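Heads up, the thing below is written out as structure tokens.
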Amino acid sequence: MPADVIDAQLKDAGQHPGIEIWRIVQFRLEKLPQEQHGNFYMGDSYIILYTKFRGHWNVHFWLGNETTIDEQGTAAIKTVELDDGLGGLPVQFREVQGHESALFLSYFKDGIKYLKGGAASGFKHVNENNFENWQPRLFHCKGKRNVRCTQVDCTLANLLTSATYLSWTAGCKSMFGCLPKVVA
């Protein structure tokens, strides 16, 4: 694929070992900073590139349960574009919220978090989480080796006696920032 056809966000992708993640926002890619890796909005689609070493890549596109058709299509197209830009060498994977492959989950040692909302779509507006309208968040957590935390409404109806929950309240700078160092 000619270099002028590859999205500018993808031009330097896969040059160093590790994970790179892009979120689809109005048909464009926005690269996520490392501190946001593992946080996935249910209303969005993402592209995840795992580079073991140059020439050995896995590229995943992740689809949230509430993502729009336009974002799904953009994720698929940009995944092919990334694959072509890396010479057709990456192995491609489609990941769907709640049904991710073990390989995908292995990239996130601290587990993954499903957050409500998402970016505004090119076709349909999805509620964006922002600090002006911030409220406490409640997460239902499942799994031992690959933990998945799904944001749920803070209501009594969402509480199950046999489940594990994590509460993110005011004063915490990150979801895990207020957890004790040792849990007894």
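Cα to Cα, under 12 Å, and not fewer than 8 places away if on the same chain: which aspartates and glutamates meet these conditions relative to Lys116? Output for Lys116: Asp44, Glu66, Glu128, Asp153.
Please list, by residue number, every one of the trypsin sites (Lys or Arg not before Pro) in segment 49-103 that is coil in DSSP and has at most 14 other beta-carbon atoms within 10 Å.
When the trypsin sites (Lys or Arg not before Pro) of segment 49-103 are filtered for loop state and at most 14 Cβ neighbours within 10 Å, Arg54 remain.
Going from the fewest other Cβ atoms within 10 Å to the most, the residues Arg145, Arg23 appear in the order Arg145, Arg23. Using a ≥ b ≥ c from the Cα gyration tensor of segment 37-104 (square roots of the eigenvalues), is it rounded, prolate or oblate, where a/c under 1.5 gives rounded and otherwise the larger of a/b and b/c decides, a/b for prolate? Cα axes put segment 37-104 in the oblate bin. When the Cα gyration tensor is reduced to axis lengths a ≥ b ≥ c, the ratio a/c is 1.5 or higher for segment 2-60, and with a/b not above b/c it is classed as oblate. Applying both filters, DSSP loop and at most 16 other Cβ atoms within 10 Å, to the chymotrypsin sites (Phe, Trp or Tyr not before Pro) of segment 1-76 gives Phe27. For segment 3-168, the Kirkwood radius over C-alpha pairs fed into Stokes-Einstein at 10 °C and 1.306 mPa s yields D = 95 µm² per second.
Each value in this text was obtained by applying a stated rule to the coordinates, not by laboratory testing. None of these values were measured; they are calculated from a predicted model. Backbone-built Cβ (ideal geometry, glycine too); neighbour counts: all protein chains shown.
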